[in-house]
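The values are calculated or read from the model by the stated rules, or taken from the named source; none is laboratory data. On a predicted model such as this, the values are computed, not experimentally measured, just so you know. Here the Cβ is made from the backbone with ideal geometry for all residues, glycine too, and neighbour counts use every protein chain on show. With ligands, DNA and RNA removed, areas are computed over all heavy atoms of the protein, side chains included. Shrake-Rupley method; radii C 1.70, N 1.55, O 1.52, S 1.80 Å.
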Amino acid sequence: MSLVLTTPPSLPPLLARGALLSLFKRPAPDAEFPRTRLVLGNLRVDLARLAAYERVCGFPTGEDALPVTYPHVLGFPLAMRLMSGRDFPLPLLGLVHTSITITQHRAVTATGEYELSVHIDGLAPHRRGTEAAVITEMRVDDEVVWASRSTYLARHRTRQQATEPARSAGSAEPAEAVAGAKEVAEKAPTPLPEVAEWRIAGDVGRRYGAASGDRNPIHLHPLTARLFGFPRAIAHGMWTVARCLAAHGVPARARVEAQFRAPVLLPGTVTYAADGGRFELRGGSAQRLHMAGRVHPLV
């Protein structure tokens, strides 16, 4: 079933509703989920807001082309409307954005008119809980010019965890006990060659939130971030991938894959590394992997 909207949903009330309803959610991979496809037509880009986004992410400004990550920003309010609803089984509080795959079939202009649609593709079991997939598509005259698939993880006890041997006291990091704090970093491959070192200002979360509309309190201020178990505010995952792609460059027709591994604390210093189509962001003395991705040109 499709539901056609005439204006984008407002994010603040959706975030508030989602936070309140999170208290009553009982996530499970076999739970029912909303089947509605939200559609927003006759969409035009706010060029002033786009310029603010380009500046905070490092993209060039003034060009008649959308950054490859910007349609995600346009579709985010629709995704939040679905994920903040009563019929979405995963709690919005603590939900972790774990990956995104973007397919851009051709260059997307900043001055065009588009139709956006968002729907939940399904739920799947994850070793640490349940993961939901959200599909966003941008069309011009019924042609899909841009599409993405994002996965979001809700942590909860699983059968696999119940059968694992109990850990000894003190063996887990404190942050592991905090819902939404981070996804456990898997064993990472050999680091890619370093390209640049970036010093990230403490206000990046606020600046990106103003440009994107995603004003999640974990990104805005150390005090609000501490309420959710973080020692300081953390950068938006979509800011980290956008900042890397601004440096890496993306062809007009391409598929981008990115996995979010660990949060970037603000302020902080990170290393941007790349080799061929691969790129990654690391930080700290141990060069911990924060995000890894790849760009595939489409032939």
Selection count where residues are of a type in the set (D, E, K, R) and crowded, with 21+ Cβ neighbours inside 10 Å, scope segment 74-113: 1
The listed residue being in a strand (DSSP E or B) and surrounded by 13 or more Cβ atoms within 10 Å (Cβ to Cβ), out of L40, L14, L50: L40
Identify all residues within segment 256-279 that are buried (at least 17 other Cβ atoms within 10 Å of the Cβ) and within 19 Å of T103 (Cβ to Cβ); write none if there are none. V256, E257, A258, Q259, F260, F279
Being part of a strand (DSSP E or B) and either free of Cβ contacts under 8 Å to residues at least 60 places away in the same chain or touching a Leu at 6+ places or on another chain (Cβ under 6 Å) (or both) is the filter here, so list the residues in segment 138-154 that pass it. M138, R139, V140, E143, V144, V145, A147, R149, T151, Y152, L153, A154
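Taking only segment 8-61 into account, find how many residues are of a type in the set (S, T, N, Q), closer than 21 Å to P71 by Cβ and out of contact with any strand residue (DSSP E or B) (no Cβ under 8 Å at 6 or more places or on another chain).
The total comes to 2.
Which of the residues that make up segment 17-28 are assigned to a loop (DSSP other than H, G, I, E, B) and buried (at least 17 other Cβ atoms within 10 Å of the Cβ)? Show your work before the answer.
Here is the first cut: in segment 17-28, the ones assigned to a loop (DSSP other than H, G, I, E, B) are 25-28.
Answer for segment 17-28, where residues must be assigned to a loop (DSSP other than H, G, I, E, B) and buried (at least 17 other Cβ atoms within 10 Å of the Cβ): K25, P27.
Evaluate the following for G209: is it under 19 Å from L14 (Cβ atoms), in contact (Cβ under 8 Å) with a residue 60 or more places away in the chain and open to solvent by less than 40 Å² (accessible area, probe 1.4 Å)? Spell out the reasoning first.
On the way: under 19 Å from L14 (Cβ atoms): yes; in contact (Cβ under 8 Å) with a residue 60 or more places away in the chain: no; open to solvent by less than 40 Å² (accessible area, probe 1.4 Å): yes.
It is false that G209 is under 19 Å from L14 (Cβ atoms), in contact (Cβ under 8 Å) with a residue 60 or more places away in the chain and open to solvent by less than 40 Å² (accessible area, probe 1.4 Å).
Please indicate, with yes or no, whether at least one residue in segment 230-248 is of a type outside the set (V, I, T), without any contact (Cβ under 8 Å) to a residue 24 or more places away in the chain, in a helix (DSSP H, G or I) and open to solvent by 50 Å² or more (accessible area, probe 1.4 Å).
First, the residues of segment 230-248 that are of a type outside the set (V, I, T): 230-233, 235-239, 242-248.
Next, only the ones that are without any contact (Cβ under 8 Å) to a residue 24 or more places away in the chain stay: none.
Checking segment 230-248: not a single residue is of a type outside the set (V, I, T), without any contact (Cβ under 8 Å) to a residue 24 or more places away in the chain, in a helix (DSSP H, G or I) and open to solvent by 50 Å² or more (accessible area, probe 1.4 Å).
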Can I218 be described as at pLDDT below 95 and buried (at least 20 other Cβ atoms within 10 Å of the Cβ)? yes
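Hey, can you tell me all the residues within segment 60-73 that are on the phi < 0 side of the Ramachandran plot and either surrounded by fewer than 23 Cβ atoms within 10 Å (Cβ to Cβ) or not in a loop (DSSP other than H, G, I, E, B) (or both)? Write out each step before concluding.
From segment 60-73, those on the phi < 0 side of the Ramachandran plot are 60-61, 63-73; that's our starting set.
Within segment 60-73, P60, T61, E63, D64, A65, P67, Y70, P71, H72, V73 qualify.
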